[in-house]
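> The structure follows.
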Amino acid sequence: MTAALHAVAPVRTADFPVVAPGLRIADTPAAAVLRVARREGPIFRDAAAARTGLSLPTVNRHVVALVEAGLLRERADLAPSGAVGRPRLPFELRREPYLTVGVHIGYRTTTITTHDLHGRVLGGIRTSTSGDDAPEVLTSVGARARRFLARWPGRRPLWAGVALGGRVDERGQVEHSRLGWHDAPVGELIGSRLGLPISVAPHVESMAAAELSFGPAHEPHGSTLYCYARETIGVALTIDGAVHNPSTGPGGIGHLPAGPTELLDPRRTGRLGDAVSDTAVVEAARTAGLPVGSTAELAARGEAGDGSALALLRERARVLGRSLGHIADVINPDRIILGGQAFTEFSGTPREVARSAAENSAVPHREFRVTAAGNGIQQQAAAAVSLDFLYADPLAALRHANRAHSARDRRR
């Protein structure tokens, strides 16, 4: 055990619980009222009842409870002239004083962000994911997150969420082969450092959950294949508002055959990850004589019209599209959403991916789009995990948060 791990003060798990996220659109009345306030507020109670399918008394009861809890606020300034009584007061989700903390642990870089209850980023920092010992790395990340959180003294933190690669169990422990982590207590160490309840989830599934929470309101219906590509390549499936979270772990696809390549995969392993991951693409660029240190530099050359860079970027897009076309034929989703810098760094990539997928699929006109989060998808994924329990059961989330605040006060 490292010295860094000893530095974590002993805590009772009941004070700072690790709560497995549901990664779904919850259908309880409280969740529905909170969601309609977030998406459409300010909104009147009768309109909220029509949107949610709940009765007006049920909507009113939950609005009153959520206003008293400080999650919603009524807008008396927007009440119709001459209106009498609370049912004629529109309500909306409050932006203050609450916030959540999101942590995305990537293979090379960890991003720490704070979010309001709408999921919007209030601020963020980046730090290197460095170190051979998982407890040491996680304790360091937790300490950085705690110092960062101190920048918002007027805000009340409610929850923390961590998104990262690998397999995550319900206790927030992680198997991450690329980082060499085995049973890494991600939730326990980061949650105890922050003094907050915490949820931990695989990052591609978290990105799919972010699309459900923050994307177009109609998309909870039907099925969506979400594909993420950057340093790792993975897919997740959502069905009728819920992210499929198989017991065998996230659906990595980097081991699949890449198919024929010309410039990519200079080592000729034949694997998709060795052809299209960031590291692999930079290696291929250098093999082709391009002096680049990152895919962002390669994309900049491509935008400037460099022929060699364009050839590499287009081949990457074609290989990704070909794989997606084959996967989509097996799963047959209603739509495909692309996320990660492999799709968003170079402007010509999405169109080329969609074309290649159509050419390699039995369904050539399937809906394609890029995530609205763009290059901020990692932060949005962490936001979705940090807000997951609050969106599903807002009053229970507040009870957990209040116990955590009391525990922190006792430790001071």
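The values are calculated or read from the model by the stated rules, or taken from the named source; none is laboratory data. Keep in mind that what you see is a predicted model, and the values were worked out from it rather than measured. Neighbour counts are summed over all protein chains in view; Cβ atoms, including those assigned to glycine, are modelled from backbone coordinates with ideal geometry. When the accessible area is computed, the model is the full protein with side chains, heavy atoms only, and any ligands, DNA or RNA have been set aside. Shrake-Rupley method; radii C 1.70, N 1.55, O 1.52, S 1.80 Å.
> Take the alpha-carbon centre of the stretch 113-159, take the same for the stretch 310-378, and report the distance between them in whole Å.
Spelled out, the Cα-based centre of one part sits 32 Å from the other.
> Another one. Please compute the Kirkwood hydrodynamic radius of the chain from all pairs of different C-alpha atoms, in Å with one decimal.
22.5
> Taking the Cα centre of the stretch 52-124 as the origin, how large is its charge dipole in debye, to the nearest 20, when only Lys and Arg (+1) and Asp and Glu (-1) carry charge on their Cβ atoms?
In total the dipole reaches around 100 debye.
> Relative to the present Cα-Cα distance, how much length would full extension add between residue 96 and residue 269 at 0.36 nm per residue of separation?
Between residue 96 and residue 269, full extension yields 57.1 nm more.
> Another question, if that's okay. Roughly what % of DSSP beta bridges within the chain run antiparallel, to the nearest 5?
Counting DSSP beta bridges with both partners in the chain, the antiparallel share is about 60 percent.
> What is the spread of the Cα atoms of the stretch 29-104 along each of their three principal axes, largest first, in whole Å?
Principal-axis extents of the Cα atoms in the stretch 29-104, largest first: 48, 26, 19 Å.
> As a test of reading the structure, rank 287, 261, 100 by solvent-accessible area (1.4 Å probe, protein chains only), most first.
Heavy-atom accessible area, descending, gives 287, 261, 100.
> Helix check for the chain. Which DSSP H runs span at least 24 Å along their own axis by Cα, with a mean Kyte-Doolittle hydropathy no less than 0.0?
Membrane-span-like by this rule: 307-331.
> Relative contact order of the chain, please, whole-number percent, based on alpha carbon pairs below 8 angstrom and at least 6 residues apart.
In percent, rounded to a whole number, it is 19.
> So, in nm, how far is label residue 286 from label residue 308 when the simple model puts each one 7 Å beyond its Cα toward the Cβ?
1.4
> Relative contact order of the stretch 280-385, please, whole-number percent, based on alpha carbon pairs below 8 angstrom and at least 6 residues apart.
Relative contact order here is 26 percent.
> Another question, if that's okay. Using per-residue counts of other Cβ atoms within 10 Å, averaged over each peptide, order 324-331, 221-228 from highest down.
Ranked from most to least packed, the peptides come out as 221-228, 324-331.
> Going by average Cβ neighbours within 10 Å, how do the peptides 191-203, 343-355, 290-302 rank, with the highest at the top?
Taking the mean over residues of other Cβ atoms within 10 Å, the ranking is 191-203, 343-355, 290-302.
> Just going by the charge dipole of the stretch 14-157, with Lys and Arg at +1 and Asp and Glu at -1 on Cβ, which of 17, 103, 91 is farthest out on the positive end?
Working it through, the farthest residue towards the positive pole turns out to be 91.
> I'd like the carbon and sulfur percentage of the solvent accessible area for the stretch 257-375, probe radius 1.4 Å, heavy atoms only, ligands and nucleic acids excluded.
Here carbon and sulfur together make up 50 percent of the probe-accessible area.
> Would you mind working out the magnitude of the charge dipole of the chain relative to its Cα centre, with +1 at each Lys and Arg C-beta and -1 at each Asp and Glu C-beta, to the nearest 20 Debye?
Here the size comes out at about 1300 debye.
> Considering the options 152, 260, 55, tell which one lies farthest towards the positive end of the dipole of the chain, charges being +1 on Lys and Arg and -1 on Asp and Glu at the Cβ, about the Cα centre.
The Cα lying farthest towards the positive end belongs to 152.
> May I ask you to give the solvent-accessible area per residue for the stretch 19-148, in square angstrom, as obtained with a 1.4 angstrom probe?
45
> Take every DSSP beta bridge with both residues inside the stretch 20-171 and express the antiparallel ones as a percent of the total, to the nearest 5.
Antiparallel: roughly 70 percent of the beta bridges in the stretch 20-171.
> Would you mind working out the magnitude of the charge dipole of the stretch 58-207 relative to its Cα centre, with +1 at each Lys and Arg C-beta and -1 at each Asp and Glu C-beta, to the nearest 20 Debye?
It works out to roughly 680 debye.
> Only Cα pairs under 8 Å and at least 6 apart count here; give the relative contact order of the stretch 153-258 as a rounded whole percent.
It comes to 22 percent, rounded to a whole number.
> Another question, then. Which one, 391, 80, 344, is farthest towards the positive end of the dipole of the chain when Lys and Arg carry +1 and Asp and Glu -1 on their Cβ?
Working it through, the farthest residue towards the positive pole turns out to be 80.
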